[in-house]
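Student: Quick one: the structure is below, questions incoming.
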Amino acid sequence: MRKRIMQFALAVVSATAFARPVGATAQEIHITNVTVFSGTAGVGTFAAKEEPTITCGEAANLNHVTGTVSAGGTTGTTDVDLTSCHTNIGGFTIKCRTEGSPLDNTIKTTNTFHLITLNGKPASLVTGTVATVICAGISTMIVSGNLISTITSPSCGVASKSMTLRATATGSTQEDQTYTGVNYHPILQTGTSGAIKEVGVTAEGTGESPTAGTLDCT
């Protein structure tokens, strides 16, 4: 079975789209005046070494995320709905979905996020529930791991109803993955006893809240 992290990527992108500070080297941060949010993300890619890349989302069918912020504003949960998910095997486009999904090209997951700062940048650390992804009955992946994304707007201390988050990777290597001396990244496994591989996620999305929230970086 193969493990996939796409869900985390988008989850991070929108999920954290509401809480971000600009400061400190490694600390948790929080957002005020936000309890719920929803958002969209464009095309996201998920790549593991020697594995076909999985792509989700398209211009006409964006990925979606909804979530809640827990009391204190430092953590929360998100539900991620990735659309138009597919990969390419032998020149053929193969649709991918999570086990139990009614659609053959939709990946859905529930995730938990923590708002943090990383190397002076506001960021979010997302942990997703283990999920099984099936690509047209040809391949099966068990997804697990974590994903760190950074916030590109707004700045710390600025009230806003929206926030944009970005995850970047070079191949299967995530750009941001070390927090408080521990490495966090998505992983996948080929077969029930196959080698565990890191997954690189590239995605960007924006979350919206009914109320303007402010990132507290202290």
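Student: Calculate, for Asp104 and Thr77, the FRET efficiency according to 1/(1 + (r/R0)^6) with r their C-beta to C-beta distance and R0 25 Å; round to the nearest 0.05.
Tutor: The computed FRET efficiency comes out at 0.40.
Student: [x] 48; [y] 32; [z] 65: which one is percent of Cα pairs over 25 Å apart as calculated from this entry?
Tutor: [y]
Student: Turning to a different aspect of this structure: Quick one: among Ile89, Ile54, Ile116, which has the greatest mean-square fluctuation in a GNM of the chain with alpha-carbon springs under 10 angstrom?
Tutor: Per the Cα network of the chain with a 10 Å cutoff, Ile89 tops the list.
Student: How many lysine pairs are close in the chain, with Cα atoms under 17 Å apart and the two 8 or more places apart or on different chains?
Tutor: 6
Student: Round to the nearest 10 and give me the degree value, 0 to 90, for the angle of helix 6-15's Cα axis relative to the longest principal axis of the chain.
Tutor: Between helix and principal axis, roughly 20 degrees.
Student: Ranking Glu58, Glu51 by Cβ neighbours within 10 Å, fewest first, what do you get?
Tutor: Glu58, Glu51
Student: If you don't mind, another one. Which residue fluctuates the most in the chain, going by a Gaussian network model with Cα springs under 10 Å, if the choices are Cys156, Cys56, Cys96?
Tutor: Highest fluctuation among the options: Cys156.
Readers should treat all values here as calculations from the given coordinates under stated rules, not as data from a laboratory. Worth saying up front: this structure is predicted, and the values here are computed from it rather than measured. Glycine gets a Cβ as well: all are built from the backbone with ideal geometry, and neighbour counts include every protein chain shown.
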